[in-house]
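Everything on this sheet refers to the single structure shown next.
Rule-based calculations on the coordinates, nothing more; no lab input. Note that this is a predicted model, so its numbers are computed, not measured. Don't worry about glycine lacking a Cβ; one is built from the backbone with ideal geometry, like all the others, and counts go over all protein chains shown.
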């Protein structure tokens, strides 16, 4: 078993035979655990600091490189089927839960937040609590580009394209931006099938907000340049009657809330810690 920083690393085969690279930050004797799901173009190794934050609070942690990302083998940002990311999450989650005393929490960032939320709304996974960080519920991409992605997904589904995401918008911390730009495991690629999944699933999540049945914390970067925070606002408006959603807006912060410059990062983690203490009582 390989190690990466503080994580143990191995591969887990999906139903179609595709192996995913899985990272575990184990904590002997832990009663609680959490599964982290990364965003578009990045990888699970970027979550070492957040994993250690959870470990310090008694959680075992797992994450994984989603299909087409990081150390997971295969074409960058490519999917065989539109729902691959949802099926993969369910497989990784169930595999993790099978070895734990109780079901793990689920946390998703950006595209990972979209995947986590859609999987929960579809009943593919049933975590005791859900955390969404800057979820990709709506894109800044214009309507014509979304329609183009939809059309290309039918005829050239895995055509490699540039994702157009502004790296400078991930954090106010220049060291975080530089590390992201220089990380060989990060990719600027997206494919029409993956883009079409993101656009369609985001709109569907907003439409289905009233069906939320899991205690959920929604963390929103108000100055997000990678995803449109209005999507999170619309989801929050649709989910308010469920009494399952707690929303925290950080008006001046950028996309990667857990990698923001101080004091922003500590403010986000304080809100997360306080909510976990209330939600899991």
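Are there any helices (runs of 4 or more DSSP H) wholly within segment 162-281 with 3 or more residues that are over 19 Å from the mean Cα position of the chain (by Cα), and if so which?
174-181, 229-239, 264-279
Output the number of the condition that residue 255 fails; it satisfies all remaining conditions of (1) more than 29 Å from residue 56 (Cβ to Cβ); (2) touching a residue at least 12 places away in the same chain (Cβ under 8 Å).
Against the list (1) more than 29 Å from residue 56 (Cβ to Cβ); (2) touching a residue at least 12 places away in the same chain (Cβ under 8 Å), residue 255 comes up short only on (1).
Which of the residues belonging to segment 98-118 are within 12 Å of the chain's Cα centre (by Cα), closer than 16 Å to residue 64 by Cα and not in a loop (DSSP other than H, G, I, E, B)?
Of everything in segment 98-118, those that are within 12 Å of the chain's Cα centre (by Cα), closer than 16 Å to residue 64 by Cα and not in a loop (DSSP other than H, G, I, E, B) turn out to be 106, 107, 108, 109, 111, 112, 113, 114, 115, 116.
Would you check which residues across segment 119-137 are under 21 Å from residue 195 (Cα atoms) and more than 14 Å from the chain's Cα centre (by Cα) and list them?
121, 122
Could you pull out the residue among 125, 61 that is in contact (Cβ under 8 Å) with a residue 12 or more places away in the chain, buried (at least 17 other Cβ atoms within 10 Å of the Cβ) and in a loop (DSSP other than H, G, I, E, B)?
After applying the criteria, what remains is 125.
Whether any residue in segment 72-94 is more than 14 Å from the chain's Cα centre (by Cα) and over 23 Å from residue 193 (Cβ atoms) is what I want to check.
Yes, there is a match, as at least one residue in segment 72-94 is more than 14 Å from the chain's Cα centre (by Cα) and over 23 Å from residue 193 (Cβ atoms).
Within segment 139-156, how many residues are in a loop (DSSP other than H, G, I, E, B) and under 22 Å from the mean Cα position of the chain (by Cα)?
Total meeting the criteria: 3.
From the set of residues in segment 6-56 that are without any contact (Cβ under 8 Å) to a residue 12 or more places away in the chain and assigned to a loop (DSSP other than H, G, I, E, B), which is surrounded by the most Cβ atoms within 10 Å (Cβ to Cβ)?
56
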